[in-house]
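Nothing in this text is a laboratory measurement; each read-out follows from the coordinates by a stated rule. Since the structure is predicted, the reported quantities are computational estimates derived from the model, not experimental observations. Don't worry about glycine lacking a Cβ; one is built from the backbone with ideal geometry, like all the others, and counts go over all protein chains shown.
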Amino acid sequence: MKKGPLTDLLVERFESMPPQLQRAARFVLDYPQDVALMSMREQAQLAGVSHTTMMRLVRWLDLDRYEDMRSIYAKALRTSVESPLPERRQEGDGAYSTVGVLAGTLAAEIARLGECANTMQLTAAASILAESRNLFSLGLRAEHPVAQHFAYTLSRLGRQAIVLDAAGGLGIDALRGVGKGDVLLAVGIEPYCRATIETARQAARQEVAVVAITDSSVSPLARMAKASVIVISNPQSFFKSIAPALAASEILAKLIAAKSGMNVDEVVKEIERQLAELDVFWKPPDSGKRSRWAKCNQNRWNRD
């Protein structure tokens, strides 16, 4: 079940909720299947709130009891045609290895990107990114590899993206003079890096279109973004994996290249030719052929 039956109401009332209720609401928004299958106390523990907060959330949604909300979600789950996630590993369960469970969970989270709702999100986001005058990529701390990989993948497909990283504290300087027609891809997964949110807000104030890869439709990035790609990470893990966000960034890069109208095959061949000239990648030793770079180095060593 990708979208819960009360999602629209929760999103509509989210901004007016107190912080603790927002935490509870986020859990219901992000994990609707768990609302149907788990007890109120189990859900409260995963959401990081008290069970009384979950009860307050129910009343906020004009329901009388928590069981009323569970029954609504259980009915929606029964009519859902989506495949369930792999079963959670129980204590003492020797049938599944830890590796198998984690790998299965990651595979399911990435597979969700191919579902209809996520496909529409990815397509809409790629359309905005493809039409950008200047394209920027932002992700700090745990999300930095996603922003960097997005820019690298695009560069191999013939399109450039400027990474706003924190090296020397100069990353945000690239936003000087930007404005309408420019686009920022911002990556943020809870707990959100303050600098990422503030930089994205500054970009939006300068009329830069913000596209988000984030983990909730009510995350700080999603609320300011023109388009969002929502990726879900296992709530019971002691860390949130960036694997789904990395996969989403690769899909976006390839969609952008396809929407650009360029001959991708020819562009890739030319880029590979240039990299071969620079002798960037390792090759097996070949006594009959040596790269120009290697010959130049050998001549220099001989002179020395």
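Values for this structure:
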quantity: Rounded FRET efficiency, nearest 0.05, which uses the C-beta distance separating L275 from Q148 and R0 of 25 Å; calculated: 0.90
quantity: Highest to lowest packing among 26-38, 120-132, scored as the average C-beta count within 10 Å; calculated: 26-38, 120-132
quantity: Partners for K3 among aspartates and glutamates (Cα-Cα distance below 13 Å; same-chain residues under 8 apart left out); calculated: D30, D34, E82, E115
quantity: Mean Cα-pair separation over length for the range 7-84, i.e. relative contact order, pairs under 8 Å, 6 or more apart, %; calculated: 30
quantity: Entries of K180/K259; K75/K240; K180/K269; K226/K259; K180/K226; K226/K254 with Cα pairs more than 24 Å apart; calculated: K75/K240; K180/K269
quantity: Difference of contour (0.36 nm per residue) and Cα-Cα distance, W282 to R223; calculated: 16.8 nm
quantity: For peptides 270-276, 19-25, sequence by mean Cβ density within 10 Å, most packed first; calculated: 19-25, 270-276
quantity: Chain lengthening between A258 and E42 when straightened (0.36 nm per residue, less Cα-Cα); calculated: 73.3 nm
quantity: Sites R59 and D173, calculated FRET efficiency, Cβ-Cβ separation with R0 41 Å, nearest 0.05; calculated: 0.25
quantity: Efficiency of FRET between A108 and K3 - r from beta-carbon atoms, R0 22 angstrom, step 0.05; calculated: 0.85
quantity: Pairs of alpha carbons in the range 104-225 whose separation is greater than 19 Å (percent); calculated: 47
